[in-house]
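Contents: one structure, followed by commentary.
The values are calculated or read from the model by the stated rules, or taken from the named source; none is laboratory data. Everything numeric in this text was worked out from a predicted model, so none of it was measured. Note that we place each Cβ from the backbone using ideal geometry, even for glycine, and neighbour counts take in every protein chain shown.
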Amino acid sequence: MHDLVDFIRIIPDFPKKGIIFKDITPLLANPEAMRKCLDALVDLAPERIDKVIGVESRGFFFGTLLAQRLNAGFIPVRKPGKLPYATLIEPYELEYGWDALEIHEDAISKGERILVHDDVLATGGTAQAVCKLIERLGGEIVQCNFIMQLDFLKGAEKLKGYPVKSVMHY
């Protein structure tokens, strides 16, 4: 079996010039690599989690699997207008612009232990917005975990005070 990094495709100038995108679709296409990645994410996770949040859209792939393996519920956090019930919204800065995320207003009960999962930690804006949503609902963030962390973009600095774990570092 190759190292997981061998299953990450590098795409220059996507989604815009100057960005070097890390594509996880080759990892998703290989069942052994996917299993190895999930095992690594589970090994990083704290023992007791009430719910896993998966961030749209690539955070859904492993977020649901993590929730199942950790015997936790799953919460999708989505871009505006995609969730059918009443939501809270939080704007954030991307590596290449601005966006916002929404969560159902009844997704988290006060004091629930939450693991945030996304595929990549880049500038930290997305994960920081998710953490703000969780705190607004009274949840306790016990970990933010990622498949990849782009250390040179210093995204973990925006997540100071939260445990941050990543399977791969660039």
- Message: Here is a list: Leu70, Leu41, Leu65. Which entry is more than 19 Å from Lys132 (Cα to Cα), modelled with pLDDT of 95 or more and within 12 Å of the chain's Cα centre (by Cα)?
- Response: Leu41
- Item | Pairs, first over 16 Å from Gln149 (Cβ atoms) in the range 1-25, second aromatic (Phe, Trp, Tyr) and in a strand (DSSP E or B), C-beta under 6 Å, six or more apart | Ile11/Phe21; Phe14/Phe21
- Please enumerate the residues belonging to the range 112-140 that are of a type in the set (A, V, I, L, M, F, W, C) and farther than 26 Å from Lys36 by Cβ. Ala129, Cys131, Leu133, Ile134, Leu137
- For the range 57-70, indicate whether the set of residues that are under 29 Å from Ile19 (Cα atoms) and of a type in the set (S, T, N, Q) is non-empty. yes
- Report, by residue number, each residue of the range 145-165 that is closer than 9 Å to Leu121 by Cα and touching a residue at least 60 places away in the same chain (Cβ under 8 Å). Asn145, Ile147, Met148, Leu150
- Task: Test each condition in (1) touching a helix residue (DSSP H, G or I) at 6+ places or on another chain (Cβ under 9 Å); (2) at pLDDT 95 or above; (3) surrounded by 16 or more Cβ atoms within 10 Å (Cβ to Cβ); (4) not polar (S, T, N, Q) for Leu137 and report the one that comes out false.
- Result: (1)
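Each row is one residue, and each column tells you yes or no for (1) surrounded by 12 or more Cβ atoms within 10 Å (Cβ to Cβ); (2) acidic (Asp, Glu); (3) farther than 21 Å from Phe60 by Cα.
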{"position": "Ile8", "(1), (2), (3)": "yes, no, no"}
{"position": "Lys17", "(1), (2), (3)": "no, no, yes"}
{"position": "Ile20", "(1), (2), (3)": "no, no, yes"}
{"position": "Pro26", "(1), (2), (3)": "yes, no, no"}
{"position": "Ala29", "(1), (2), (3)": "no, no, no"}
{"position": "Met34", "(1), (2), (3)": "yes, no, no"}
{"position": "Cys37", "(1), (2), (3)": "yes, no, no"}
{"position": "Leu44", "(1), (2), (3)": "yes, no, no"}
- Query: For residues in the range 87-117 being out of contact with any strand residue (DSSP E or B) (no Cβ under 7 Å at 6 or more places or on another chain) and over 27 Å from Arg48 (Cβ atoms), which is surrounded by the most Cβ atoms within 10 Å (Cβ to Cβ)?
  - Reply: Glu95
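Residue-wise test of (1) touching a residue at least 24 places away in the same chain (Cβ under 8 Å); (2) in contact with a Phe, Trp or Tyr (Cβ under 9 Å, 6 or more places away or on another chain); (3) among the aromatic types (Phe, Trp, Tyr).
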position	(1), (2), (3)
Ser57	no, no, no
Phe62	yes, no, yes
Gln68	no, yes, no
Phe74	no, yes, yes
Lys82	yes, no, no
Leu88	yes, no, no
Gly97	no, no, no
Ala100	yes, yes, no
- Message: With the requirement that a residue be farther than 16 Å from Asp119 by Cβ and assigned to a strand (DSSP E or B), what does the range 1-39 give you?
- Response: Pro12
- Message: So, in the range 40-53, exactly how many residues are in contact with a Ser or Thr (Cβ under 9 Å, 6 or more places away or on another chain) and part of a loop (DSSP other than H, G, I, E, B)?
- Response: 1
